[in-house]
Amino acid sequence: GFLVFVIQFQYGFSIISGALALTVFNLPLLTRTVEESLQAVHYTQREAGLALGLSRWETVIKVGVPEATPGILTGVILSSG
């Protein structure tokens, strides 16, 4: 974080450089939490969306994401803490 944000981008010792460094460090945790939340959606709900004529992308957006929202929000809160 020091080499990239303070030296390379010349942000100096500031809150922004610290926040960006912590964001980069916490990104894998957040990504994994979102991935697990989306995989936790039961397969029958995905099948129901496909059976109603939704495309795979529409099934993810209209069925998967609303069902996984509590887990995604929990991951965001945990990684920001």
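The values are calculated or read from the model by the stated rules, or taken from the named source; none is laboratory data. The structure presented is a predicted model; accordingly, all values stated were derived computationally and were not measured. No Cβ is skipped: glycine too gets one built from the backbone with ideal geometry, and neighbour counts run over all protein chains shown. Surface areas here come from the heavy atoms of the whole protein model, side chains and all, with no ligands, DNA or RNA. Shrake-Rupley method; radii C 1.70, N 1.55, O 1.52, S 1.80 Å.
Things worth noting here:
- Options (1) 17, 14, 10; (2) 27, 16, 9; (3) 38, 12, 8 - which one matches semi-axes √(5λ) of the Cα gyration tensor in Å as calculated here: (3)
- Per atom type, the chain shows carbon and sulfur on 68% of its accessible surface, probed at 1.4 Å.
- Whole-number accessible area per residue in Å² for the chain, which is evaluated in the context of all protein chains at 1.4 Å: 76
- DSSP H segments from the chain that extend 27 Å or more along their own axis, Cα-based, with Kyte-Doolittle mean of -0.5 or above: 15-39
- Net dipole in debye of the chain [+1 Lys, Arg Cβ; -1 Asp, Glu Cβ; about Cα centre; nearest 20]: 80
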